[in-house]
Amino acid sequence: MSVQSSNPKSEIRNPKSVTIYSDGSSLGNGLGTQAGSARAAAVALLGYRGQWRAVGEYLGNSTNQQAEIIAAAIGLEALKEPCHVTLRTDSRYVVETMSGRFRRKANQELWTRLDRATARHRINWEWTKGHAGEQVQEACDMAARTIAAAGRVETHILEQAARDAGAKI
């Protein structure tokens with residue numbers, strides 16, 4: 001499944017073509033009643049010309065859907081200039097909502113963050129099946145789960161995700 005969106009206000013001249021894989025993980029899915037029982041994280045792997053780098057954010061007590069939205073946002077926020085982006089995620093929630101097929105009933109502040117992150121870019125939203133053996137998606141998923149379990153972002157986790165995706169750091 002693939003959906004394209006673009007910013008009609010400005011045409012991108014000689015844009016870089018970037019691929020972003022994003023994934024969120026919520027251990028406990030934000031439903032824990034004990035303090036600290038639910039932990040969530042968001043990770044994005046950015047690929048350009050065969051090189052990968054990872055960005056991540058520890059979210060604390062958030063749901064998986066919230067983590068998925070933030071994962072897409074942090075990937076786009078990490079881009080330093082307007083780009084043509086293929087954003088791949090295993091979240092149908094994100095792809096369908098960004099394509100206008102799902103209504104935004106909750107998480108309005110997170111959707112606003114994602115909208116701001118998309119403003120400079122032309123984006124092709126693609127759904128990819130999670131846990132299906134795709135190397136980059138698996139690296140992204142592992143990093144998100146590891147950060148969620150650790151309760152913090154650690155540089156070595158992101159560096160490992162980039163290496164697992166095929167980076168030469």
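Every read-out reported here was derived from the displayed coordinates using simple, explicitly stated rules and does not represent laboratory data. Keep in mind it's a predicted model, so treat the numbers as computed, not measured. Cβ: placed from backbone, ideal geometry, glycine included. Neighbour counts: every protein chain shown.
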Requested in this report: Rounded to the nearest 0.05, what FRET efficiency do ALA119 and ALA150 give with R0 = 30 Å and r taken as the Cβ-Cβ distance? Could you check?
Outcome: 0.40
**Report entry** Charge dipole (debye, nearest 20) of the stretch 55-99; +1 at Cβ of Lys and Arg, -1 at Cβ of Asp and Glu
**Finding:** 60
Query raised in the report: Using alpha carbon coordinates only, what is the Rg to Rh ratio of the chain, with Rh defined as the Kirkwood radius?
Result: 0.96
Query raised in the report: Taking Cα pairs under 8 Å and at least six residues apart, what relative contact order does the stretch 84-169 come out at, in percent?
Result: 31
Query raised in the report: Roughly how big is the chain's charge dipole about its Cα centre, with Cβ charges of +1 (Lys, Arg) and -1 (Asp, Glu), in debye to the nearest 20?
Result: 460
Query raised in the report: Considering the dipole of the stretch 44-169 built from charges on the beta carbon (Lys and Arg +1, Asp and Glu -1) around the Cα centre, which of ALA67, ALA165, TRP125 is farthest to its positive end?
Result: TRP125
Query - DSSP-defined antiparallel bridges as percent of all bridges, the chain, nearest 5 - result: 65
**Report entry** Table column - 3J(HN,Hα) (Hz), the stretch 45-60, Karplus curve with 6.51, -1.76, 1.60, x for Gly and Pro
**Finding:** 10, 9, x, 8, 6, x, 9, 10, 9, 10, 10, x, 9, 7, 10, x
Report task. Show the residues, 5+ positions off or on another chain, whose built amide H is closer than 5 Å to the amide H of THR86. Result -> VAL18, THR19, ILE20, ASN124
Query raised in the report: Using alpha-carbon pairs under 8 Å, 6+ residues apart, how would you state the relative contact order of the chain in percent?
Result: 32
